[in-house]
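I have a structure here, written as structure tokens, and I will follow up with some questions on it.
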Amino acid sequence: MEDFEKLGQFYLGRTLGGELLLYDARDLMTHAVCVGMTGSGKTGLCIGLLEEAAMDGIPALIIDPKGDLGNLLLTFPELRPEDFAPWVNREAGEDAAAQAEAWRKGLEKWGQDGSRIRKLKEAAEFTIYTPGSNAGTPVSIVHS
């Protein structure tokens, strides 16, 4: 596996030619907005940037009204089926072992493995706050 861990450089994948695609963190601003057409890769790009920022110790407060970024919590460095089991929808035919294998193969395709997941998991504390819901850590401005 190649070493993508260069402080201040975010690994975002590879170009079509196979070269590393690294983003210089010094180009980041204090706030960001990502816009684009449906299916253009906004969520994937944002997840990549957020994971790299977390691994470099850069804090982030993420507002995600659509609920796409909860996958940042799926950090299973060993990629074991039992880690995925609580998160798959068995009623829809999803299988934890198949998910674990898909993640393993997907990471390998990009020259990565569970060690990067472990680094992410150890680098930051992730919490989802859910106003008006107990699905995450509930938040209430007005105590009832």
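Checking the condition assigned to a helix (DSSP H, G or I), in contact (Cβ under 8 Å) with a residue 24 or more places away in the chain and either among the small types (Gly, Ala, Ser) or under 23 Å from GLY13 (Cα atoms) (or both), which residue from GLU51, GLU78, GLU101 passes? Before the answer, list the steps.
Values: GLU78 fails: assigned to a helix (DSSP H, G or I); GLU101 fails: in contact (Cβ under 8 Å) with a residue 24 or more places away in the chain.
Result of the check over GLU51, GLU78, GLU101: GLU51.
I've got another one for you. Cβ contacts < 7 Å: first residue open to solvent by less than 50 Å² (accessible area, probe 1.4 Å), restricted to region 55-75; second residue assigned to a loop (DSSP other than H, G, I, E, B), any location; separation 6+ or different chain. Result?
ASP56/LEU7; ASP56/GLY8; LEU69/ILE62; GLY70/ILE128; LEU72/PHE126
Check off (1) without any contact (Cβ under 8 Å) to a residue 24 or more places away in the chain; (2) surrounded by 10 or more Cβ atoms within 10 Å (Cβ to Cβ); (3) part of a loop (DSSP other than H, G, I, E, B); (4) of a type in the set (A, V, I, L, M, F, W, C) for CYS46 and give me the number that stays unchecked.
That leaves (3) as the condition not met.
Given the criteria closer than 30 Å to LEU7 by Cβ and either aliphatic (A, V, I, L, M) or touching a residue at least 24 places away in the same chain (Cβ under 8 Å) (or both), does ILE128 qualify?
For ILE128, the condition - closer than 30 Å to LEU7 by Cβ and either aliphatic (A, V, I, L, M) or touching a residue at least 24 places away in the same chain (Cβ under 8 Å) (or both) - is met.
(1) among the basic types (Lys, Arg); (2) open to solvent by 70 Å² or more (accessible area, probe 1.4 Å); (3) under 27 Å from LEU7 (Cα atoms): which one isn't true of ARG116, the others all being true?
Tallying (1) among the basic types (Lys, Arg); (2) open to solvent by 70 Å² or more (accessible area, probe 1.4 Å); (3) under 27 Å from LEU7 (Cα atoms), ARG116 fails exactly one: (2).
While we're looking at this one, here's another question. Applying the selection to region 7-27, what residues are hydrophobic (A, V, I, L, M, F, W, C), free of Cβ contacts under 8 Å to residues at least 24 places away in the same chain and part of a loop (DSSP other than H, G, I, E, B)?
Initially, region 7-27 is screened for residues hydrophobic (A, V, I, L, M, F, W, C), giving 7, 10, 12, 16, 20-22, 25.
Then drop every residue that is not free of Cβ contacts under 8 Å to residues at least 24 places away in the same chain, which leaves 16, 20-22.
The one that is hydrophobic (A, V, I, L, M, F, W, C), free of Cβ contacts under 8 Å to residues at least 24 places away in the same chain and part of a loop (DSSP other than H, G, I, E, B): LEU16.
Going by what's in this entry, would LEU20 be described as over 18 Å from the mean Cα position of the chain (by Cα), surrounded by 11 or more Cβ atoms within 10 Å (Cβ to Cβ), at pLDDT below 90 and among the hydrophobic types (A, V, I, L, M, F, W, C)? Outline the logic, then answer.
Numbers: over 18 Å from the mean Cα position of the chain (by Cα): yes; surrounded by 11 or more Cβ atoms within 10 Å (Cβ to Cβ): yes; at pLDDT below 90: yes; among the hydrophobic types (A, V, I, L, M, F, W, C): yes.
Yes; evaluated as a whole, the condition is true for this residue.
The values are calculated or read from the model by the stated rules, or taken from the named source; none is laboratory data. Please read all numbers here as calculations on a predicted model, not as lab measurements. In this analysis, Cβ positions are derived from the backbone assuming ideal geometry, glycine residues included, and neighbour counts consider all displayed protein chains. Surface areas here come from the heavy atoms of the whole protein model, side chains and all, with no ligands, DNA or RNA. Shrake-Rupley method; radii C 1.70, N 1.55, O 1.52, S 1.80 Å.
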